[in-house]
Amino acid sequence: MNSLNIRHLIFGAGFVLLQIVIFRHLSIYDAEPDVVLLFLLWLTSKRDRTSCLLFAAGLGLFQDALLDLWGLHMFSKTLMIMLIYNFLPRHAETRLSIWQVFLIVLIASLLHYLIFMTLGLLVETYATDAYFYTYWIGNSIYTAVAGSLIYLLASD
């Protein structure tokens, strides 16, 4: 394991801990941003598909272990990365606009939460339809806004 993998693993574990400790409590109308998803989307622009899938599975399992969900985040994050990896821009020579970042994160987040909530309904973790739409749409928009703001503040 090289130093880049270890560094990304430490950053990913840090994002999972930030998600659990801080961002779970920054909810607006029961919607919360998923910074682990944002980290995985950033990672897909830097790494190959296999390592992104392994990071998504590992970080999702770590998040599931801390939240006692056991497999929902791992499966949904891994499947989301598998489905959208080829559609995400990598090493772009031109800087993406804020609306492009918003749409990329929104589409990825909608796909992730659709998979997550569908799995949750199948195992009867989330039983009501109203919560399904609030969680799916609300979390996706909140994650897209948070990702756009992070992109705006973190770029040159």
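We did not get these values from a lab; they are worked out from the coordinates using the rules stated. Since the structure is predicted, the reported quantities are computational estimates derived from the model, not experimental observations. In this analysis, Cβ positions are derived from the backbone assuming ideal geometry, glycine residues included, and neighbour counts consider all displayed protein chains.
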Hey, can you list the DSSP H helices of the chain whose Cα span along the axis is 15 Å or longer and whose average Kyte-Doolittle score is at least 1.6?
98-122
With a Förster distance of 25 angstrom and the Cβ-Cβ distance between Leu111 and Val145, calculated FRET efficiency to the nearest 0.05 equals 0.90
The chain - Debye-derived log10 I(q)/I(0), Cα point model, q = 0.10, 0.14, 0.15, 0.17 Å⁻¹:
-0.33, -0.66, -0.77, -1.00
The chain: relative contact order from alpha carbon pairs under 8 Å, six or more residues apart, as a whole percent, is 26
Surrounding charge for Leu38, neighbours by C-beta under 13 angstrom, Lys/Arg +1, Asp/Glu -1, total -1
At a Förster radius of 25 Å, what calculated FRET efficiency corresponds to the Cβ-Cβ distance of Tyr29 and Ser51, to the nearest 0.05?
0.10
Helical mean residue ellipticity (222 nm; -39500 (n - 2.57) per DSSP H run of 4+; nearest 500) of the chain:
-22500 deg cm²/dmol
